[in-house]
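The values are calculated or read from the model by the stated rules, or taken from the named source; none is laboratory data. Keep in mind the model is a prediction, meaning the values are calculated, not measured. Cβ coordinates were reconstructed from backbone atoms using ideal geometry, including for glycine residues, and neighbour counts include every protein chain displayed. We work out accessible area using only protein heavy atoms, side chains counted, and drop any ligands, DNA or RNA first. Shrake-Rupley method; radii C 1.70, N 1.55, O 1.52, S 1.80 Å.
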Amino acid sequence: MKDLEQELRRVADEIIKLVCEKNAQYGDAYFKLRDEWNTQSFCVRIGDKYYRLVNLVKSGQHIMDESIEDTIKDIIGYCMLEIRYMLSLYINSSIQYPMISLIVSSIDSSMMCCPRAFAFA
């Protein structure tokens, strides 16, 4: 079980690094669009990734230098960004999100690598 935990932490760290790099390259676009378009922006991005994943699986090939693994990492990254967005709403308001409070209580310091993406406002 220890090996599984170590491998999952390695993968999570890799995804966190990727998300932070992309967040910097895109100029905080996820959070800006999320503010502007609400939940729809998250759903559209996940939908795009889902259909890319379906096409990759059906074709069994890379599409535009993207692999199945890359696409899954992108989906996880967007989910992490959305959780972070929801955390900021929870922390900065009186809105109660029971599942988010569990996340807040167990958040790992390794997610504090990007000032905007993972820093609490």
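Condition check for Ser94 on (1) open to solvent by less than 90 Å² (accessible area, probe 1.4 Å); (2) modelled with pLDDT under 90; (3) in a loop (DSSP other than H, G, I, E, B): one failure, at (1). Picking from residues in segment 64-80 that are over 14 Å from the mean Cα position of the chain (by Cα) and open to solvent by less than 60 Å² (accessible area, probe 1.4 Å), the one that is modelled with the lowest pLDDT is Glu66.
Restricting Ile15, Ile83 to those that are within 11 Å of the chain's Cα centre (by Cα), surrounded by 11 or more Cβ atoms within 10 Å (Cβ to Cβ), of a type in the set (Val, Ile, Thr) and at pLDDT 95 or above reduces the list to Ile15.
Would you check which residues across segment 56-70 are of a type in the set (Asp, Glu) and either in a loop (DSSP other than H, G, I, E, B) or on the phi > 0 side of the Ramachandran plot (or both) and list them? Asp65 - this is the single residue of segment 56-70 that is of a type in the set (Asp, Glu) and either in a loop (DSSP other than H, G, I, E, B) or on the phi > 0 side of the Ramachandran plot (or both).
Residues in segment 25-55 that are open to solvent by less than 80 Å² (accessible area, probe 1.4 Å), in contact (Cβ under 8 Å) with a residue 24 or more places away in the chain, farther than 14 Å from Glu82 by Cβ and assigned to a helix (DSSP H, G or I): there are none.
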